[in-house]
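Worksheet: the structure to be examined is printed underneath.
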Amino acid sequence: MEISVYSLGSGSKGNCFVVSDGETNIMIDAGLSVRATVSKLAEIGLRIQDISGVLLTHEHNDHIRCLAQLSTYLTVYSHGDTLSAVSDIDGIRLNSLKAEEKSFELGDFFITPFSVSHDAVHPYGFVIETEREKLSYVTDTGYISKGVMKAIDGSDIVIMESNHDRELLMRGWYPERLKRRILSDKGHLSNEETALAVRDLAKSGTERFMLAHLSENNNLGELAYWTTSRLLRSAGIKKDEVTVKVACQRETVIL
Ligand SMILES: [Zn+2]
Ligand SMILES: [Zn+2]
């Protein structure tokens with residue numbers, strides 16, 4: 001079956017995705033409350049025990065809110081340093097962990113982690129493949145390096161952070177230090193940076209995109225969508241050639 005993507009919630013307040021081929025269901029990040037996670041899973045016809053494992057990108061709070069509880073039932077896969085960092089956070093005890101630095105199999109999926117640039121101990125993005133399709137997940141990165149582009153090239157589906165509108169961030173109320181952190185190489189991708197990467201990926205054949213991890217204060221869904229769509233159109237890529245969806249904090253979005 002074709003890969004489906006479910007954003008159960010995505011943004012500064014919590015991130016959780018499910019990737020499914022109809023047989024194997026994988027969760028990426030566990031940044032919602034247990035209650036929200038269970039009820040959002042039920043909305044898409046799944047229970048915790050239907051999930052084969054949790055891929056963890058990094059240890060920030062918006063990615064780990066219910067990780068400790070989920071790890072009672074599910075194995076958490078990430079870089080060893082990330083798993084140690086989470087275990088060092090007060091009150092968090094992870095039960096079932098697996099440190100991964102190379103490709104590994106999880107049900108029907110073949111998973112390859114790759115490094116991204118973010119102010120965390122060892123942040124990951126993931127390539128998730130079946131025999132027929134390739135999906136890439138890239139959020140929480142200050143920029144898209146050549147290495148990342150190479151890892152995700154040839155994807156059918158890409159979930160990519162479109163965190164902030166540069167103008168809104170610069171004119172907004174955030175303290176200077178926080179603005180600098182977000183804009184830095186170890187911060188987050190702006191709509192403009194994401195649009196450039198999406199354009200290049202679309203040119204090399206990616207057909208389905210989900211823009212994710214939008215800032216609540218420095219972005220709007222319409223703005224992220226418009227910035228990417230405008231660049232796609234100016235590169236001659238027509239609306240019916242690619243699908244672009246925008247993940248949001250509260251509603252489940254399906255791609
Ligand atoms: Zn982060
Ligand atoms: Zn985050």
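The values are calculated or read from the model by the stated rules, or taken from the named source; none is laboratory data. Since this is a predicted model, take the numbers as computed values, not measurements. Every residue, glycine among them, receives a Cβ derived from its backbone with ideal geometry; neighbour counts consider all protein chains shown. These accessible areas exclude ligands, DNA and RNA; they are computed on the full protein's heavy atoms, side chains included. Shrake-Rupley method; radii C 1.70, N 1.55, O 1.52, S 1.80 Å.
Of the residues making up segment 116-172, those that are within 14 Å of the chain's Cα centre (by Cα), among the small types (Gly, Ala, Ser) and assigned to a loop (DSSP other than H, G, I, E, B) number 3. Of all the criteria given as (1) open to solvent by 10 Å² or more (accessible area, probe 1.4 Å); (2) within 24 Å of Tyr124 (Cβ to Cβ); (3) assigned to a loop (DSSP other than H, G, I, E, B), the one not satisfied by Arg181 is (3). Filtered by the rule that a residue be over 25 Å from Gly9 (Cβ atoms), charged (D, E, K, R) and modelled with pLDDT of 95 or more, segment 147-178 gives Lys150, Asp153.
Considering segment 112-131 alone, what residues qualify as being touching a residue at least 60 places away in the same chain (Cβ under 8 Å) and either of a type in the set (Ser, Thr, Tyr) or away from ligand 2 (no atom under 16 Å from the Cβ) (or both)? Spell out the reasoning first.
As a first pass, look at segment 112-131 and keep what is touching a residue at least 60 places away in the same chain (Cβ under 8 Å): 117-126, 128, 130.
Matches in segment 112-131: Ser117, Tyr124, Ile128, Thr130.
What residue, among those in segment 69-111 that are within 16 Å of ligand 2 (Cβ to nearest atom) and more than 26 Å from Lys134 (Cβ to Cβ), is surrounded by the fewest Cβ atoms within 10 Å (Cβ to Cβ)? Here the answer is Ile89. Collect the residues in segment 6-28 that are closer than 22 Å to Ser71 by Cα and away from ligand 1 (no atom under 16 Å from the Cβ), keeping them in residue-number order. Within segment 6-28, Tyr6, Ser7, Leu8, Val18, Val19, Ser20, Glu23, Thr24, Asn25, Ile26, Met27 meet the criteria. What about Leu55, is it within 16 Å of ligand 1 (Cβ to nearest atom), of a type outside the set (D, E, K, R) and surrounded by 15 or more Cβ atoms within 10 Å (Cβ to Cβ)? Spelling it out, Leu55 is indeed within 16 Å of ligand 1 (Cβ to nearest atom), of a type outside the set (D, E, K, R) and surrounded by 15 or more Cβ atoms within 10 Å (Cβ to Cβ). Against the list (1) within 16 Å of ligand 1 (Cβ to nearest atom); (2) touching a helix residue (DSSP H, G or I) at 6+ places or on another chain (Cβ under 6 Å); (3) not hydrophobic (A, V, I, L, M, F, W, C), the condition Gln69 fails is (1). Residue count for segment 52-68 satisfying the condition of being in a loop (DSSP other than H, G, I, E, B) and within 14 Å of ligand 2 (Cβ to nearest atom): 6. Within segment 32-47, residues that are assigned to a helix (DSSP H, G or I) reach partners that are open to solvent by 70 Å² or more (accessible area, probe 1.4 Å) with beta carbons closer than 6 Å, at six or more positions or on different chains, in the pairs Val34/Gln69.
Checked against the criteria, Gly22 counts as part of a loop (DSSP other than H, G, I, E, B), touching a residue at least 12 places away in the same chain (Cβ under 8 Å) and open to solvent by less than 60 Å² (accessible area, probe 1.4 Å).
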